[in-house]
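Undergrad: Quick one: the structure is below, and I'll ask about it shortly.
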Ligand code: SAH
């Protein structure tokens, strides 16, 4: 293709129109490395959008006119195109179904995902399906469309998921912030089947949890902490456990199942604590339990007098929400996190174990180590790393897409 005016007409791929996206000169490098995002700043020009649509297939070309691949166009998003395939060939008509099938099949008999009926079935870019997240909770699937391109395939995806998973319910979870960013309508409700009147029960390696499909964090539960719940269960015998930012008590249930002497949950959301209570009850937890509705920072911050919490916990889990949602928040987040860990160290007994997590992409593993080191220096308590922690096998990260890494943690020994 020559430089200058657009030469590609709007053609049809399986009945949908194609938007031509031509990149600025020199902005094709990331696509040649199979990175799945085309940022708005990389785009030189775009052919006219049919009917003012924000979604649809995009064919992405270099400034020199070489077709680099095809993806989902998002007219309102900073992620202007999310790539679905690379190279000059048009996408196969069964591309989405084939990716769904591969993702579901990969989990079905995976030894790292055994003995649980709650699994992430589709992890967006990690499964070659940017903009789509699907979690299985027993007989129900929760589906999140995070891009207008994926949302436009709602019916096709629902049909495929139903056939492939045999789940009795497919439930679409809305994400109002994302929807606004993508310029799409906020939708929530069943894609097929009838939603239950209450939460759904899951069985994760003998631990049972109630999951509200229609409300709460993520798609209802922190599936990404599954392996770390196993770890806490393994390490809790005889220990006094502090579960900070407990949400619905995943770590506390695991600690109790592992024979903890006592568990203390600290969580600011009353509704999450209510579910945590139900979870503890369902698992017939028989150790001492304390549920504290509080700000975790305040709970730990030492007062003026003698600190009544000093040395009172032998295993501490620190799992805050993302403290840096944007890059410019990183400095503030790092200080907040350091304080948190510093206070936690004061509450830790001489041989305590600490599982410290950070789930913000902007706080990378190196910075996270530095933060932990800073807290350890200030507390005057050396720490050893026993294990590096990350997301489990049902949250794969494509090596082409380093932004997919978010959850990181350290198992620390005081
Ligand atoms: N550990 C949990 C997930 C934690 S998500 C699990 O494994 O399921 C973060 C949780 O922190 C949310 O439930 C949120 O309600 C809670 N939270 C946010 N800010 C808080 C604060 N300042 N103090 C206590 N809890 C807080």
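Undergrad: Just one of 98, 102 is surrounded by fewer than 20 Cβ atoms within 10 Å (Cβ to Cβ), without any contact (Cβ under 8 Å) to a residue 24 or more places away in the chain, out of contact with any helix residue (DSSP H, G or I) (no Cβ under 7 Å at 6 or more places or on another chain) and not in a loop (DSSP other than H, G, I, E, B); which is it?
TA: Answer to the check: 98.
Undergrad: Among the candidates 334, 356, 348, single out the residue that is within 15 Å of the ligand (Cβ to nearest atom) and either more than 29 Å from residue 260 (Cα to Cα) or at pLDDT 95 or above (or both).
TA: It is 356.
Undergrad: For residues that are within 25 Å of residue 227 (Cα to Cα) and in a strand (DSSP E or B), tally how many sit in segment 333-358.
TA: 10
Undergrad: Which of (1) at pLDDT 95 or above; (2) loosely packed, with under 14 Cβ neighbours inside 10 Å does residue 82 not meet, given it meets every other one?
TA: (2)
Undergrad: Sticking with this structure for a sec: Here are some conditions: (1) in contact with a strand residue (DSSP E or B) (Cβ under 7 Å, 6 or more places away or on another chain); (2) touching a residue at least 40 places away in the same chain (Cβ under 8 Å). Residue 88 meets all but one. Which one does it not meet?
TA: (2)
Undergrad: To continue, here is another question. Which one is nearest to residue 340 (Cα to Cα) among residues in segment 277-294 that are surrounded by fewer than 13 Cβ atoms within 10 Å (Cβ to Cβ) and away from the ligand (no atom under 15 Å from the Cβ)?
TA: Among residues in segment 277-294 that are surrounded by fewer than 13 Cβ atoms within 10 Å (Cβ to Cβ) and away from the ligand (no atom under 15 Å from the Cβ), the one nearest to residue 340 (Cα to Cα) is 288.
Undergrad: Oh, and also: Within segment 262-276, work out how many residues are within 14 Å of the ligand (Cβ to nearest atom) and over 24 Å from the mean Cα position of the chain (by Cα).
TA: Adding up the residues that qualify gives 2.
Undergrad: Please go through segment 167-197 and pick out each residue that is farther than 25 Å from residue 322 by Cβ and without any contact (Cβ under 8 Å) to a residue 12 or more places away in the chain.
TA: Selection gives 185, 197.
Undergrad: Next question, about the same structure. With the requirement that a residue be within 16 Å of the ligand (Cβ to nearest atom) and buried (at least 16 other Cβ atoms within 10 Å of the Cβ), what does segment 310-321 give you?
TA: Result: 313, 315, 316, 317, 318, 319, 320.
Undergrad: A further question on this structure: Mind telling me which of the residues 259, 238, 206, 249 ends up being more than 9 Å from the ligand (Cβ to nearest atom), under 24 Å from residue 112 (Cα atoms) and assigned by TED's automatic domain parsing to the domain that holds residue 288?
TA: 259
Undergrad: Okay, next question. Would you confirm, using the coordinates I've provided, whether residue 229 is near the ligand (Cβ under 9 Å from one of its atoms), without any contact (Cβ under 8 Å) to a residue 40 or more places away in the chain, assigned to a helix (DSSP H, G or I) and surrounded by 14 or more Cβ atoms within 10 Å (Cβ to Cβ)?
TA: Yes: the conditions hold for residue 229.
Undergrad: Name the residue that is nearest to residue 411 (Cα to Cα), counting only residues in segment 207-226 that are out of contact with any strand residue (DSSP E or B) (no Cβ under 6 Å at 6 or more places or on another chain) and part of a loop (DSSP other than H, G, I, E, B).
TA: 222
Undergrad: Confirm whether residue 297 is modelled with pLDDT under 95 and within 9 Å of the ligand (Cβ to nearest atom).
TA: In short, yes.
The values are calculated or read from the model by the stated rules, or taken from the named source; none is laboratory data. No experiment lies behind these values; they were computed from the predicted model shown. No Cβ is skipped: glycine too gets one built from the backbone with ideal geometry, and neighbour counts run over all protein chains shown.
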